[in-house]
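Please treat every number below as a calculation from the coordinates, not as lab data. Fair warning: this is a prediction, and the values are worked out from it, not measured in the lab. So basically every Cβ, Gly included, is an ideal-geometry build from the backbone, and we count neighbours across all protein chains shown.
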Amino acid sequence: MKLLAFAASNSSTSINKQLVTYATTLVQTDEVEILDLNDYELPLYSEDRNKALREPKLAKEFLAKIAWCDALLISFAEHNLSYSVAYKNIFDWASRINMKVFQNKPMILMATSPGARGGLSVLETAIHTAPFFKGEVKGSFSLPNFYENFDVKQGCISNEAKKEELIKVLQQLA
């Protein structure tokens with residue numbers, strides 16, 4: 001299985017990137033690629049820019065990465081209860097090229113935050129909307145209180161119960 005993973009964030013210190021990177025080590029795969037949304041930075045989407053740029057190369061490359069993989073693993077940063085602008089922007093550009101952005105790929109959706117809800121608001125939105133864009137949501141995982149439940153130095157979940165929960169969710173990709 002070829003696994004494509006990314007944090008829906010453009011932060012250089014993204015806790016969601018730490019989580020998604022760790023999660024890839026728990027999946028049985030032939031190949032893993034971890035994307036950085038900073039590599040897909042485009043002007044803010046608008047109808048006028050869409051007319052001018054049509055199908056930007058970076059949006060096509062993003063869609064090609066999704067086409068390449070057999071499964072997706074995405075960890076969503078929560079900005080004011082919703083998607084980060086970095087994710088929403090590349091998603092909007094990509095959806096103008098192909099409304100089936102996720103191309104019928106099985107996916108695990110995750111989120112984490114320093115707070116007690118662990119990004120649940122954005123995660124619930126992602127779970128609800130992914131099927132409209134041909135994402136096959138196999139499972140989801142939220143890690144609350146990131147700094148209490150994740151060992152940043154070791155790069156892994158330190159809370160055994162949450163680690164086991166993540167492992168069970170990831171098994172749904174097999």
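Of Lys65/Lys134; Lys65/Lys168; Lys65/Lys100; Lys2/Lys138, which pairs sit farther than 24 Å apart, going by alpha carbon to alpha carbon?
Lys65/Lys168
Where both residues lie in the chain, what percent of DSSP beta bridges are antiparallel, nearest 5?
Numbers: 3 of 27 bridges.
Around 10 percent of the beta bridges assigned by DSSP in the chain are antiparallel ones.
I want to check the label-to-label distance for Lys57 and Gln172. Put each point 7 Å from Cα in the C-beta direction and report it in nm to one decimal.
In this crude label model, Lys57 to Gln172 measures out at 3.8 nm.
Once you charge only the Cβ atoms, +1 for Lys and Arg and -1 for Asp and Glu, what is the size of the charge dipole of the chain about its Cα centre, to the nearest 20 debye?
Charge dipole of the chain: 380 debye, to the nearest 20.
Spelling out what I want: for every residue of the range 42-58, take phi, set θ = phi - 60°, compute 6.51 cos²θ - 1.76 cosθ + 1.60 (Karplus), and round to whole Hz; glycine and proline get x.
10, x, 4, 4, 8, 4, 5, 5, 4, 5, 6, 9, 6, 10, x, 3, 5
Taking neighbour counts of Cβ atoms within 10 Å as a proxy for exposure, in what order, fewest first, do Val85, Val27 appear?
Val85, Val27
Given H placed 1.01 Å from N in the peptide plane, which residues other than close sequence neighbours of Phe141 have an amide H under 5 Å from its amide H?
Close amide H contacts, sequence-distant or interchain: Leu109, Met110, Ala111.
Along Cα→Cβ, 7 Å out, is where each label goes; now give me the distance between the ones at Asp39 and Lys2 in nm to one decimal.
Going from the Asp39 label point to the Lys2 one covers 1.3 nm.
For the chain, just say rounded, prolate or oblate: build the C-alpha gyration tensor, square-root its eigenvalues into a ≥ b ≥ c, call rounded for a/c under 1.5, and beyond that prolate if a/b exceeds b/c, oblate if not.
prolate
Please work out the FRET efficiency for the pair Thr129 and Lys65, using the Cβ-Cβ distance as r and a Förster radius of 30 Å; give the result to the nearest 0.05.
0.95
Could you give the length gained on full extension between Asn159 and Asn80, defined as 0.36 nm per residue of separation minus the Cα-Cα distance, in nm?
25.8 nm
If a/c stays under 1.5 just call it rounded; otherwise compare a/b with b/c (prolate if a/b is bigger, oblate if not). Do that for the range 74-126, with a ≥ b ≥ c from the square roots of the Cα gyration tensor eigenvalues.
Taking the square roots of the gyration eigenvalues as a ≥ b ≥ c, the range 74-126 is oblate.
Given the rule -39500 (n - 2.57) for each run of at least 4 DSSP H residues, summed and divided by the residues of the chain, what is its mean residue ellipticity at 222 nm, to the nearest 500 deg cm²/dmol?
Roughly -11000 deg cm²/dmol at 222 nm, from the helical runs in the chain.
By counting other Cβ atoms within 10 Å of each Cβ, how are Arg54, Arg96, Arg49 ranked from fewest to most?
Arranged by neighbour count, lowest to highest, Arg54, Arg96, Arg49 become Arg54, Arg49, Arg96.
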